[in-house]
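Notes follow once the structure below has been shown.
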Amino acid sequence: MAQHIGIVACSSEGAALCYRTICLDGATPLGRYGHPEVSMHTPSLAQYVQCLERRDWRGVGELMLASADKLAKIGADFLICPDNTIHQALPHVEARLPRPWLHIADAVADAARARGFRRLGLTGTRWLVESAVYPEKLRAGGLEWVLPNAEEREEINRIIMDELVCGVVNPAAVTYIQGAIARFEAQRCDAVLLGCTELPLIISDANSVLPTLDSTRLLARAAVARAAHAAGAAA
């Protein structure tokens, strides 16, 4: 049996894409229609946003931990979170997690190195791009990164929080983010890191001037690989 994946979810759009990717990509290692057992828990997004707006990272961490505990009780073997921003709270609760945690930034950094990228443009909420979530992991892997400027951070954050997490796709938002990616290209970046799990809903290799690192799908595929490896080892 493949391991049971527990999804500590935050926003619905990113979590749904992660879940769907696990189910579809599971067929590669596990056979037609096969995928690991998956469970997901999320509190109201409003609870997370209230903590984020007052930068209450301990509060964010406690919400994550509550989900983790519930998932562990129903049998999850390890945990993932398809939300880059709230990984900033992980250090506050890491010692109390009931199951191993697969970190989204590790999955992205591993993929960047495997594809030969060295300098990444980082997109995401303003909380994410101003945090150490990705710098710590990228630095450890010998990778460089470039952040959006202050104006871009605010507008990309608005696009994510006012539109994408609410299921709204606005062509003007696509154009704006494409412009930010073009500026990364001008700063010698060789890829763009989609550090918000909703950004892959509107940006991909098909409409970006730089190759994309889709954090949502990369995390999902890393989870499938881990779950399936356990099944192979047991066999």
Within the stretch 41-56, can you find the residues that are part of a loop (DSSP other than H, G, I, E, B) and either small (Gly, Ala, Ser) or open to solvent by less than 70 Å² (accessible area, probe 1.4 Å) (or both)? Thr42, Pro43, Ser44, Asp56
Can you name the condition, by its number, that Pro98 falls short on among (1) touching a residue at least 60 places away in the same chain (Cβ under 8 Å); (2) touching an Asp or Glu at 6+ places or on another chain (Cβ under 7 Å)? (1)
From the option list Leu210, Leu218, single residue qualifying as part of a loop (DSSP other than H, G, I, E, B) and either surrounded by 18 or more Cβ atoms within 10 Å (Cβ to Cβ) or over 20 Å from the mean Cα position of the chain (by Cα) (or both) is Leu210
Within the stretch 90-113, restricting to residues that are of a type in the set (D, E, K, R) and more than 18 Å from the chain's Cα centre (by Cα), the one that is nearest to Cys51 (Cα to Cα) is Arg96
Just give me the residues in the stretch 28-40 being open to solvent by less than 50 Å² (accessible area, probe 1.4 Å) and on the phi < 0 side of the Ramachandran plot, in sequence order. Gly34, Pro36, Val38, Ser39
Those residues that are farther than 18 Å from Glu13 by Cβ, among the β-branched types (Val, Ile, Thr) and not in a helix (DSSP H, G or I), I need them from the stretch 138-188; list them, please. Val146
For residues that are without any contact (Cβ under 8 Å) to a residue 24 or more places away in the chain and among the aliphatic types (A, V, I, L, M), scanning just the stretch 142-169, find the one that is surrounded by the most Cβ atoms within 10 Å (Cβ to Cβ). Ile159
Output the number of the condition that Asp25 fails; it satisfies all remaining conditions of (1) surrounded by 15 or more Cβ atoms within 10 Å (Cβ to Cβ); (2) at pLDDT below 95; (3) over 25 Å from Leu199 (Cα atoms). (3)
Could you tell me whether any residue of the stretch 114-123 is assigned to a strand (DSSP E or B), charged (D, E, K, R) and open to solvent by 10 Å² or more (accessible area, probe 1.4 Å)? yes
Identify all residues within the stretch 1-22 that are of a type in the set (Gly, Ala, Ser), outside any loop (DSSP other than H, G, I, E, B) and open to solvent by less than 20 Å² (accessible area, probe 1.4 Å); write none if there are none. Gly6, Gly14, Ala15
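The values are calculated or read from the model by the stated rules, or taken from the named source; none is laboratory data. Quick caveat: nothing in here was measured; it's all calculated off a predicted structure. Methodologically, a virtual Cβ is constructed for each residue, glycine included, from the backbone with ideal geometry; neighbour enumeration extends over all protein chains shown. Accessible surface is based on the protein model in full, side chains and every heavy atom, while ligands, DNA and RNA are left aside. Shrake-Rupley method; radii C 1.70, N 1.55, O 1.52, S 1.80 Å.
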